[in-house]
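Report on the structure given below.
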Amino acid sequence: MAVNSWRITHARDIVPHVPFQSLGFYHHSREVWFPDKQYVPGNYNICDGSGEDPVCQDSLWFATSVEDHLNYIGVQLGKLPET
């Protein structure tokens, strides 16, 4: 595992919640969570480094948004930028 790496999570994105912790999976420990559905510059949480910080995305018991997975930091994934 890289020492200086981070994972970015967005709102209710489903992907960071699978596979489930109950199956023995734990996430990379350095998380930055953008909690708002719409990107708000500067509104993010730097989590505690456990990989399962209960006040970051892991605080969402039921996070199932594919839409939030396809939009990170104001960028719609899979869509070419307008010129």
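When shorter helices are ignored and each DSSP H run of at least 4 residues is given -39500 (n - 2.57), the per-residue value for the chain at 222 nm works out to -500 deg cm²/dmol.
Over all orientations, the range 8-49 has a Cα convex hull whose mean projected area works out to 3.2 square nanometres.
Remark: the V32-V18 segment gains 3.3 nm on full extension, using 0.36 nm per residue and subtracting the alpha carbon distance.
Here the ratio of the Cα radius of gyration of the chain to 2.2 N^0.38 Å is 1.12.
Every number here is computed from the coordinates shown, using simple stated rules; none is lab data. For clarity, every value in this text was computed on a predicted model and none was experimentally measured.
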